[in-house]
Amino acid sequence: MAAYILRRLAYSLITLALFFALIFVLVRMTGNPADLYLPLNSTQEMRDAFSARLGLDQPIYIQFGRFVLDLLRLDFGDSLVRGIPAMSVALNAFPRTAALALVVMPIAATLAIMIGSAAAYRPNSIAGRTATLGALVATAVPDFWIGIMGVLWFSVMLGWLPTSGTGGWQYWVLPVLALAARPTGILAQVVRGAMVQTLTSPYIKAARAKGISKQALVFRHAFRNATLPVITVGGEQFAGILSGAIVVETIFGWPGIGKTMMDSILQRDFAVVQASALVIASSIFLLNIFIDILYARLDPRISFK
Amino acid sequence: MRNRLILPISLAVFMACAGTAPLAADDSIVVVLPEEPQSLELCESGSSIRRVTQHNVGEPLVQRDPDTQTLSEGLAVSWTQDGDTAWQFDIREGVSFHDGSALDAEAVATSLNRTWNEDLACGVAQQYFQGNTYSASAVDTMTVRIETDTLDAILPLRLSFLAISAPATSTTEKSAAPIGTGPYSFTEWVRGEHITLDRFEDYWGEAPQVAQVQYQWRQESAIRAAMVQTGEADLALSVASQDVLPEDRDTGRAVSFALPAVTLLRFDLVDPLEPLNDIRVRRAVNLAIDRQGFVDVVFDGQGSPANHVFSPSTIGYDETVPQWEYDPEEARRLIEEARADGVAVDNEIVIFGRLGVYENATESMELVAAMLNEVGLNVRVEMLALQAWLGVLRSSYEPGRPTNMMQQSHENVTGDAVFTFNPQYTASGPFSALRDDFVNEHVAAAQGLSGEERAEALREISHYLYTEVIPDAPIAVTSSTMMLSDAISYDPTPASFEEIVIGDIVLTP
Amino acid sequence: MSVSAQNPPGESTGSKPTGGYVLASLRHDPLAVGALIYIALLVLVLVGGSVVLGEMAASQNLRMRNLAPGALEAGWQYLLGSDSLGRSVLARIVVGGVRTLGVAFTTVVIASVIGTAIGIYAGYRGGLADNLVMRVADISLAFPGILLAVVLLYIFPPALTTVIVVLIVNRLPLYIRVSRAETLEVRERLFVSAARVLGASTWRIATRHVLPVIAPTILTVATLDVAVVMLVESSLSFLGMGVQPPSISWGLMVADGRRYLRAAWWLTFFPGLAIILTGIAINLVSNWLRVALDPVQAARLHKHGDDDGQ
């Protein structure tokens, strides 16, 4: 098992390194920050001096070389915008997004299990079809639409919730709502699919013939079989929030890593873009390893080679 | 594995939950800005920074009245010109910085030289002190001497943009915790969340009513407006016209003010392409734009039609230049006349718009394009983000590019047209698409003049540009709207886009 | 979502279920029928409508600005209201829909074809090629999709083709992974081994034996993906990285409309509703396809799903 983890980590590191090189090159292709940091009417000399000061006028392989050397000393550079170390900017913003994800996923999973089981219990009944439809609606709603409509109804019109920002629990309601809809819908469909598959399989029919109640079958067999796909898909959704909550964070002024990275791209703050991308990628890799291990523990069929 | 994750996870949740504490006292206010400032360095000139610092944390040597442009005492109580290359300033007594150090000539000189230090790349130096070399020294305890290479007739005006920072400020790095002499001292900056300033009890001037101000930021104008409506904020900047309800204006919650900025379409006259090379077509463009309609749609009726690219209160504004009438018939006639002479008036003209230059930028260009298409031109719009727009700006006259006009919002807060002519119309100006000897020579000559001579010279250049050259289509003086909660009242000035003087805010009892 | 593994050994499932069977399964699924009707109508309206309403979407009328929906006295085109320049929201939704769905469809078709080809190759050959492909897929998994999109859209000019390319790159790993996983499973089946022993080339095996078996799964995934791409494009447009003004797409309309939240909420509401309804319909069709194209599953569901007294 330990060997498996180590091997996965090693693979991840290689992938991470490649990924990092890619980010490095791509980010630098977005343009010269000089245009954005100097006043609009700056002259070409000023822009050249600015580039030279940041080492951006060197050929890209030299820049990369210096970057790798800095990396080995754990120096990720300073934020062009704020003047503080880029990694601290990223590490400051990341927990806020992670916290959102940690609140959203359990809620989504719980709701999904409820809706999914309702849909699977009697798939062709009215209740079943309604639940299925509900799951589909949740899947199809864009997160930014929920966010904006939520602000319109609950903040502007009703005044129940604050419009944006961070603070007490009221500030969490709308962002969580916006982010939870799609994972709930997707997971509900996964739960439904897995449970239906179990409930209509031959061995279940045999158990029913033997007189075991449907409820017992649902809870003991169908649920258990649904667990694994839920974990896999849930993990993907979690990763999706970590890397993709940009839009919700923008609407609600939530200072998470998505917004930070987006802002840094717009501001050509290369160091922060790299640091943020690294933080997100590493956390997703770790998450994947964690999910794989959890999956393996729960599925007796899998063993580690 | 499970146990080891609990601690970091709960820490993460805790950190995320420890958000903004609500402001307790009644004399505290919340100001919501469109964006987070990039820094709080006093020598920077970006409006997002100056909104927070200027006149609140940092003060200049010379005060400038935003309405009349007259200069008066600031941290300097008097000044004289000494020959052609020097000025002397007497420093106000009894002023201290927020860290307790005293304001004297030495401190002022240090701060000035720091601002002008090229290695530090201060925005104020780059924007307002170009074309000359400056150095400051303390002649005695309270007198500062500033020496220049060449004559600078308007040095005091330039200095009104430069805030003095304490000697303790680093001379090699930009500062994130500014120390100035203003009525408010910097307390904290929680990145991504808010900035707090507290009233400075030892301020030399009149004590302001507001005891504490917290700045937050939201990208959406609708959210900013909603925050004032719900009481989450007291002052919201840059509220778009559609977010202002009629009752907001009636109750005085929404107040608009003219910016020292004009939105315009810039023509390319370096290597002009058809049909904009023909002056009749350029006139036609100007005649085809319904400027009042533009103001009504884009600025909710706040703002006024323009025929110069700077506001009428600027020195150099020529009253004898006629306002452009909205005359689509005449525009069509001119275009047909040009067509008859063989000018390719059907060539496609691209308007390169700039996203975010003001609220509703895209709609404004779509509106203009529709107006121009109405009179027979072939116009389409391409909206660009700032970086791309700058790229096109600098290369808009390279071979292979289409006939184009650039959407620009030109800002001139100084009240002196030289700060427009130089960047916008001279051969070396960064925004210039004009190579005209008359302009180059006359602008250079005007730099050395002062008083009525200067004004006359500048007006002559305006007249030439806007009646004989027609290098652009000035559309309207831009306006901005801010929203105020019931707790405060504030009279904005034309400088309020860049300077929110908290000391001028009155708390309603 | 994969084809059931419970086939008796030796039995080939290389043949797709007959058309008659597929249609018959519709009887059991009224929601899917509704969805198919919706999509058919939508395509008709969008294609036909854009011919009729194309010009109207861009025509401004400053006296009809910000009309609320239902302002029919001003004209039938203002059924869904008008925007800040007096343009008909209805017309803009039609024109925007063509672009949104056009982008989504194009992306999915190209991405699925290329992705499936790569995935089959990697899954069938194994070895170094497979390893390389999986490493690349891993990177894309960790690479925040939006980030890649934003970066690419910043480097290259913001044309529609760039957006489509970015979206294709974003979706490719999905098809690679699915087709590879399916190929791995199919590879070991008897009929494939038989074909290999008989000397069939890789190409022939891939197209004649592997592809038909995994095609239903890919089709199901692709159908669902249209809805996903619609959402991704909308998010990108929302962030200003997707379709550029003055072109229209549903996502862009939602994004623009958010500036009019207090003044004209319908500018965001209706395009958002269009996205949601279309997404639901696509999901329903995809679900139906998944079951209908897998006869074993379909039989089980339809025969036994109705009973309660099992």
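Please work out if B:ALA433 is out of contact with any Ser or Thr (no Cβ under 8 Å at 6 or more places or on another chain), buried (at least 19 other Cβ atoms within 10 Å of the Cβ), within 25 Å of B:LEU259 (Cβ to Cβ) and not charged (D, E, K, R).
Criteria not met by B:ALA433.
Find the residue count for region C:44-75, including only residues that are among the β-branched types (Val, Ile, Thr) and without any contact (Cβ under 8 Å) to a residue 40 or more places away in the chain.
The number of residues fulfilling the criteria is 2.
Report yes if B:PRO156 is within 14 Å of chain A (Cβ to nearest Cβ), touching a residue at least 24 places away in the same chain (Cβ under 8 Å) and in contact with a strand residue (DSSP E or B) (Cβ under 6 Å, 6 or more places away or on another chain), otherwise no.
Spelling it out, it is not the case that B:PRO156 is within 14 Å of chain A (Cβ to nearest Cβ), touching a residue at least 24 places away in the same chain (Cβ under 8 Å) and in contact with a strand residue (DSSP E or B) (Cβ under 6 Å, 6 or more places away or on another chain).
When residues of region B:139-167 are filtered for being assigned to a loop (DSSP other than H, G, I, E, B) and surrounded by 14 or more Cβ atoms within 10 Å (Cβ to Cβ), how many remain?
12
Could you run through region A:121-146 and say how many residues are facing chain C (nearest Cβ under 9 Å), crowded, with 20+ Cβ neighbours inside 10 Å and not aliphatic (A, V, I, L, M)?
Summing the residues that are facing chain C (nearest Cβ under 9 Å), crowded, with 20+ Cβ neighbours inside 10 Å and not aliphatic (A, V, I, L, M) in region A:121-146 gives 7.
Restricting the search to region A:65-115, which residues are touching a Leu at 6+ places or on another chain (Cβ under 7 Å) and at pLDDT below 90?
Of everything in region A:65-115, nothing turns out to be touching a Leu at 6+ places or on another chain (Cβ under 7 Å) and at pLDDT below 90.
Go through the residues of region B:391-414 one by one and say whether even a single one is assigned to a loop (DSSP other than H, G, I, E, B), acidic (Asp, Glu) and more than 11 Å from every other protein chain (Cβ to nearest Cβ).
Yes.
In region B:297-314, what count of residues is obtained for those that are surrounded by fewer than 19 Cβ atoms within 10 Å (Cβ to Cβ) and either among the aliphatic types (A, V, I, L, M) or within 14 Å of chain C (Cβ to nearest Cβ) (or both)?
Here the count works out to 1.
Go through region A:241-258 and count every residue that is within 9 Å of another protein chain (Cβ to nearest Cβ), closer than 11 Å to A:THR97 by Cα and small (Gly, Ala, Ser).
Count: 4.
Please go through region B:349-372 and give me each residue that is more than 10 Å from every other protein chain (Cβ to nearest Cβ) and within 14 Å of C:GLN60 (Cα to Cα), ordered by number.
B:VAL368, B:LEU372
Give region A:151-185 a look and list any residue that's among the small types (Gly, Ala, Ser), under 18 Å from A:LYS259 (Cβ atoms) and surrounded by fewer than 21 Cβ atoms within 10 Å (Cβ to Cβ), or say none.
A:GLY167
Quick one: is C:THR106 crowded, with 20+ Cβ neighbours inside 10 Å and not hydrophobic (A, V, I, L, M, F, W, C)?
For C:THR106, the condition - crowded, with 20+ Cβ neighbours inside 10 Å and not hydrophobic (A, V, I, L, M, F, W, C) - is not met.
Considering B:GLU319, B:GLU366, which residue is surrounded by 21 or more Cβ atoms within 10 Å (Cβ to Cβ) and either under 17 Å from B:SER409 (Cβ atoms) or under 26 Å from the mean Cα position of the chain (by Cα) (or both)?
Every option except B:GLU366 fails the conditions.
Looking at region C:176-289, what helices (runs of 4 or more DSSP H) fall wholly within it and have at least 3 residues that are within 14 Å of another protein chain (Cβ to nearest Cβ) and within 30 Å of A:LEU152 (Cβ to Cβ)?
Where helices (runs of 4 or more DSSP H) fall fully within region C:176-289 and carry at least 3 residues being within 14 Å of another protein chain (Cβ to nearest Cβ) and within 30 Å of A:LEU152 (Cβ to Cβ), they are C:211-238, C:250-257.
Determine which single condition A:ILE231 fails, assuming it passes every other condition in (1) within 12 Å of another protein chain (Cβ to nearest Cβ); (2) in a helix (DSSP H, G or I).
Unmet for A:ILE231, out of (1) within 12 Å of another protein chain (Cβ to nearest Cβ); (2) in a helix (DSSP H, G or I): (1).
Within the bounds of region A:148-156, is there any residue that is in contact with a strand residue (DSSP E or B) (Cβ under 7 Å, 6 or more places away or on another chain) and either closer than 30 Å to C:VAL254 by Cβ or within 11 Å of chain C (Cβ to nearest Cβ) (or both)?
The answer is no; no qualifying residue exists.
Just to verify a result, which residue in region A:260-287, among those that are within 12 Å of chain C (Cβ to nearest Cβ) and in contact with a Gly (Cβ under 7 Å, 6 or more places away or on another chain), is modelled with the lowest pLDDT?
A:ARG268
Is it the case that region B:192-203 has a residue that's on the phi > 0 side of the Ramachandran plot, assigned to a loop (DSSP other than H, G, I, E, B) and within 14 Å of chain A (Cβ to nearest Cβ)?
yes
Quick one: which residue in C:LEU167, C:LEU231, C:LEU211, C:LEU239 is more than 17 Å from the chain's Cα centre (by Cα), under 24 Å from C:GLY257 (Cβ atoms) and in contact (Cβ under 8 Å) with a residue 40 or more places away in the chain?
On inspection, the qualifying residue turns out to be C:LEU239.
Can you tell me how many residues within region B:236-264 are without any contact (Cβ under 8 Å) to a residue 60 or more places away in the chain, within 12 Å of another protein chain (Cβ to nearest Cβ) and of a type in the set (S, T, N, Q)?
So the count comes out to 0.
The values are calculated or read from the model by the stated rules, or taken from the named source; none is laboratory data. Being a predicted model, the structure only gives us computed values, none of them experimental. Cβ sites come from the backbone with ideal geometry, for glycine too, and all protein chains shown count toward neighbours.
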